[in-house]
Structures are given as C-alpha cells and as structure tokens.
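Step one of this worksheet: look at the structure below.
The values are calculated or read from the model by the stated rules, or taken from the named source; none is laboratory data. As the structure is a prediction and not an experimental result, all values here were calculated from the model. As a convention, Cβ positions derive from the backbone with ideal geometry for all residues, glycine included, and neighbour counts pool all protein chains shown.
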C-alpha cells in the first residue's frame with residue numbers, strides 16, 4: 001500500500017515537473033521570437049510587443065527584451081548601412097534596385113527630419129523613431145541620421161529614447177487591446 005501511494009506521488013510530481021519544463025521551454029521560445037522580431041526592419045518592437053501579448057508573455061520582460069533587440073542593430077546601421085547602400089546602388093538587378101530604394105528612403109527620412117527639426121534635430125529624431133507609424137523606427141531613423149551626418153552619440157541616444165517611447169506606446173496599446181479581447 002505504501003509503495004502504491006509513493007508511486008502515485010512520484011508520478012504526479014514528475015508529470016508536474018515535465019509540464020513546468022514544457023511551459024518554460026515554450027516561454028523561452030516566445031521570448032526569443034520577441035527578440036528576433038524586434039530586430040527586423042519595419043516590424044521592430046512595433047510588432048514584437050503585440051506578438052508578446054498575443055502569446056501571453058508578461059508585459060515588462062517582453063518590453064525589455066524588445067528594446068534590447070530593437071537597439072542592437074542601431075550602431076551597425078549607423079556605421080555601415082550607408083556605405084553598403086552606396087556600394088549596392090551601382091549593382092544590377094534586384095540588389096541594386098533594393099539598395100536604391102533604401103537609399104531614397106533614408107534620404108527622404110533625413111530630409112523630412114531636417115525640414116521639421118531645424119536645430120532641434122535630436123528631438124525630431126527621437127519623435128520620428130518614437131511614434132509608431134509605418135516607415136518610422138530605429139532602422140529608418142538611424143539611417144536618416146547617418147545621411148544627415150548627425151554624430152553617432154546623439155543619434156544613438158535619440159534612437160534609444162525613441163525606441164523607449166515607441167515601446168511604451170505599443171505596450172499600452174497592446175495591453176489594452178488584448179485585455180479587451182480576452
């Protein structure tokens with residue numbers, strides 16, 4: 001009798017542990033997905049945070065992971081993207097076409113920022129990155145800053161503040177939306 005009770009307890013404990021491990025594995029996969037989505041141009045954290053809420057992840061850790069993922073590409077974009085695009089502009093076919101499109105987008109974003117900002121370029125870049133509209137974000141804002149020859153430190157700080165702002169906006173909208181539909 002004692003061994004049967006012990007066996008049942010052992011089985012229940014192991015089933016619980018197995019379920020817990022499966023939940024943690026799934027959660028880690030979802031966090032990794034949030035991180036990777038936030039690194040993708042155009043989607044960035046504007047898509048990563050709603051995804052995190054759709055799969056039921058906690059809001060604050062998702063926000064932090066999305067911020068980190070969104071900011072990792074910024075120095076590379078600033079330092080290398082413009083040079084790569086300038087080289088790619090002369091290539092034939094779809095690669096050249098894509099590079100010319102990206103260059104035009106960066107120049108257009110830079111001109112829009114310059115026209116709007118005047119001397120308040122830092123604040124304009126922050127708002128450009130921070131207001132989650134199509135075509136704005138850390139990728140486009142940092143590319144525009146490099147085309148405007150804004151210094152690296154100012155553009156990185158403005159992009160970071162903008163990403164934080166966009167994250168708060170998306171976090172608020174996502175939490176409200178997913179609360180309503182659940």
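Structure summary
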| item | result |
| --- | --- |
| Tally, over region 142-160, of residues that are more than 13 Å from the chain's Cα centre (by Cα) and in a helix (DSSP H, G or I) | 13 |
| So residue 39, is it in contact (Cβ under 8 Å) with a residue 40 or more places away in the chain and under 24 Å from residue 134 (Cβ atoms) | no |
| Residue satisfying condition, being surrounded by 14 or more Cβ atoms within 10 Å (Cβ to Cβ), touching a residue at least 24 places away in the same chain (Cβ under 8 Å) and in a loop (DSSP other than H, G, I, E, B), within set 132, 75 | 132 |
| Lone unmet requirement of (1) more than 17 Å from residue 67 (Cβ to Cβ); (2) without any contact (Cβ under 8 Å) to a residue 12 or more places away in the chain for residue 145 | (2) |
| Residue match in region 5-14 (condition: modelled with pLDDT under 95, under 30 Å from residue 133 (Cα atoms) and more than 22 Å from the chain's Cα centre (by Cα)) | no |
| Conditions (1) farther than 23 Å from residue 154 by Cβ; (2) under 14 Å from the mean Cα position of the chain (by Cα); (3) not in a helix (DSSP H, G or I): number failed by residue 49 | (3) |
| Residue 65 vs. criteria modelled with pLDDT of 90 or more and loosely packed, with under 11 Cβ neighbours inside 10 Å | no |
| Verdict on residue 126 being in a loop (DSSP other than H, G, I, E, B) and under 27 Å from residue 53 (Cα atoms) | no |
